[in-house]
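The values are calculated or read from the model by the stated rules, or taken from the named source; none is laboratory data. Because the structure is predicted, anything quoted here is derived from the model rather than measured. Cβ placement follows ideal geometry from the backbone for every residue including glycine, while neighbour counts extend to all protein chains displayed. Accessible surface is based on the protein model in full, side chains and every heavy atom, while ligands, DNA and RNA are left aside. Shrake-Rupley method; radii C 1.70, N 1.55, O 1.52, S 1.80 Å.
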Amino acid sequence: MKTPSIKRRERDTIIQALRAGVVPKLGLQHIQVGRAREIEELVRDIERISNGGAAIRFVIGEYGSGKTFFLNLGRLIALEKGMVVLSADMAPSRRLHATGGQARSLYAEMARNASTRTKPDGGAMPSIVERFASQAVRSAERNDREPGDMIREQLAHLEELTGGYDFATVIRRYWEGFETGDEELKSASLRWLRAEYSTRTDARKALGVRTIIEDANVYDQLKLFALFVRKAGYQGLVVSIDELVNLYKLPSSQARNANYEQILRILNDVLQGSASHLGFILGGTPEFLMDTRRGLYSYEALQSRLAENTFARDGLVDLSGPVIRLANLTPEDMFVLLSNIRRVMQGESPALPDSALAAFMTHCSERIGDAYFRTPRNTVTAFVNMLSVLEQNLNVDWRELVGSVNVAVDGDGDANDIPDNEADDELASFKL
């Protein structure tokens, strides 16, 4: 199969991100390895959302194990399938439930990062609203009706839901601003949709609405927005939130439990079929999930719903539940990953031989220590750094950088310079 070509922008983004130890937002398809079954489950979730259902996944893994990479991959799959994606990282100033503006801050961050297939880098809120309006206009023309009447009809169902009346009013205000060329009215409408109003008084003065998106109604607004994007012609809404370990770190047990109650509400809605065209992908560490004192398991109702299948042991897996545990990459997966990174940096005819990759992995295992290199992030960052030095210092031999590794290599540096039995033993002992 022909390898997809790499654009210069993608190449630069991948290299810069990997060197910094973060996940690139572009070009993930060029370096993705493994996780095939987990990705299949995500694809099924997105199909379920498209068909009017809902889904929720807790992506659990150690720091550096690839959680953020997996979440970004899920985001790209959702965009490719015609979804709208809202994404954000949890932080001390952003929570699912709060009374001091932290939940509104989380929603505002997600709204700013709103993405579609045509605007994958965020900032898609205006285009989403305008797509809804333009579709309503075309529908009105086909049926010989006024666009304003068609928009009201399209939004009538939303008005019946919690917070739906003011949501529909804001959409109509945006349409009025679009029709009359009132940029101030359009801007005020977008500010409301992005949760940028902190007081009801300001929102009422600008738009004539009595409510705003605030801490108490964030989840209700997400459900409304999911139905709205569907009416705008998208397949549904996916909410991607990383770093949920920040909830685990909250010093107040009352604040933690309030956030866990919100997670329970979302989980119940998804499992019971109360949500529609809405999906959640949530990333966290094993402690965030399993700690019975501070984690999700400290909340009994969540523990019973998120507990592992007791039959999935001794190598058996069950990915149908809400929790996806990211297993360590195998040595073979890691070798392919390093090969992909080498191809991104050095092209289809790389200067670095396969034997160098095997030697590098052996060095990571034996000389630096398995405890430090047990996660892909650290291994990848070190490998990219090594390639960068080789690229900028053409007189340096890779053997000098890898270090004193017990690998037999002849002058041409072919992979068969490493005896098969020794290479197999080294790779078999390398547990990532």
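Specify whether the C-alpha gyration tensor of region 70-148 places it in the rounded, prolate or oblate class, a ≥ b ≥ c being the square roots of the eigenvalues: rounded for a/c under 1.5, otherwise prolate if a/b is larger than b/c and oblate if not. Don't skip to the end; give the middle numbers.
On the way: a/c = 3.75, a/b = 1.74, b/c = 2.16.
Note, shape of region 70-148 comes out oblate.
If the viscosity is 1.306 mPa s and the temperature 10 °C, what translational diffusion coefficient in µm²/s does Stokes-Einstein give for region 222-285 when Rh comes from Kirkwood over Cα pairs? List each step's numbers first, then the result.
On the way: Rh = 13.1 Å.
D, rounded to a whole number, is 122 µm²/s.
What are the ³J(HN,Hα) values, in whole Hz, obtained from phi via the Karplus relation 6.51 cos²θ - 1.76 cosθ + 1.60 with θ = phi - 60°, for each residue of region 78-91 in sequence order, with x given for Gly and Pro?
4, 4, 5, 8, x, 8, 9, 10, 9, 9, 6, 9, 5, 8
Can you work out D for the chain in µm² s⁻¹ from Stokes-Einstein, where Rh is the Kirkwood radius over C-alpha pairs, the temperature is 25 °C and the viscosity is 0.890 mPa s? Present the calculation step by step, with values, prior to reporting the outcome.
Numbers: Rh = 24.0 Å.
So the translational diffusion coefficient is about 102 µm²/s.
So, with a 1.4 angstrom probe, what is the percent of accessible area on the chain that is carbon and sulfur?
46 percent
Using a Förster distance of 25 Å, how high is the FRET efficiency between Gln16 and Glu62, based on the Cβ-Cβ distance and rounded to 0.05? Walk me through the numbers before you get to the answer.
Values: r = 24 Å, r/R0 = 0.96.
FRET efficiency, Gln16 to Glu62: 0.55.
If a/c stays under 1.5 just call it rounded; otherwise compare a/b with b/c (prolate if a/b is bigger, oblate if not). Do that for region 182-248, with a ≥ b ≥ c from the square roots of the Cα gyration tensor eigenvalues. Each step should come with its number before you reach the end.
Numbers: a/c = 2.29, a/b = 1.33, b/c = 1.72.
Here region 182-248 falls in the oblate category.
With a 1.4 Å probe and every protein chain left in place, work out the accessible area per residue of region 1-146 in Å², rounded to a whole number. Walk me through the numbers on the way to the answer.
Details: 6880 Å² over 146 residues.
Ligands and nucleic acids excluded, the result is 47 Å² per residue.
Semi-axes of the equivalent ellipsoid of region 137-205: what are they in whole Å, largest first, if each equals the square root of 5 times a C-alpha gyration tensor eigenvalue? Don't skip to the answer; put the middle values down first.
Details: eigenvalues 110, 50, 11 Å².
Taking √(5λ) for each eigenvalue gives 23, 16, 7 Å, largest first.
Taking Cα pairs under 8 Å and at least six residues apart, what relative contact order does the chain come out at, in percent? Could the numbers behind the result be given before it?
On the way: 639 pairs, mean separation 96.7, N = 432.
Averaging sequence separation for qualifying contacts and normalising by length gives 22 percent for the chain.
Modelled label-to-label distance, Lys205 and Leu319, 7 Å Cα→beta-carbon offset: nm?
In this crude label model, Lys205 to Leu319 measures out at 5.3 nm.
Can you return the lysines within cross-link range of Lys186? Criterion is Cα-Cα under 23 Å, with same-chain partners fewer than 8 residues away left out.
Lys119, Lys205, Lys223, Lys231
Which value at 222 nm does the chain reach when only helices count, each DSSP H run of 4 or more adding -39,500 (n - 2.57), with the total divided by all residues and rounded to the nearest 500 deg cm²/dmol?
Numbers: 19 runs with 227 residues, N = 432.
When only DSSP H runs of four or more count, the value is -16500 deg cm²/dmol.
In terms of the Cα gyration tensor, with a ≥ b ≥ c the square roots of its eigenvalues, is region 20-109 rounded because a/c is under 1.5, prolate because a/b exceeds b/c, or oblate? Provide the component values of the computation, followed by the final result.
On the way: a/c = 1.94, a/b = 1.28, b/c = 1.51.
Note, shape of region 20-109 comes out oblate.
Between Ser388 and Asn143, what is the FRET efficiency for a Förster distance of 60 Å, r being their Cβ-Cβ separation, to the nearest 0.05? Each step should come with its number before you reach the end.
Details: r = 60 Å, r/R0 = 1.01.
After rounding to 0.05, the efficiency reads 0.50.
Could the peptides 220-228, 245-253 be put in order, highest first, of the mean number of other beta-carbon atoms found within 10 Å of their residues? Intermediate results must be reported in sequence, preceding the final value.
Working: 220-228: 21.8, 245-253: 15.0.
For the peptides 220-228, 245-253, the packing ranking is 220-228, 245-253.
Quote the Stokes-Einstein diffusion coefficient, in whole µm² s⁻¹, for region 37-171, based on the Kirkwood radius over alpha carbon pairs, a temperature of 25 °C and a viscosity of 0.890 mPa s.
Working: Rh = 17.4 Å.
Reported coefficient: 141 µm²/s.
Taking amide hydrogens as modeled 1.01 Å from N in the peptide plane, which residues meet the under 5 Å criterion relative to Gly283, leaving out close sequence neighbours?
Val59, Ile241, Asp242, Glu243, Leu244
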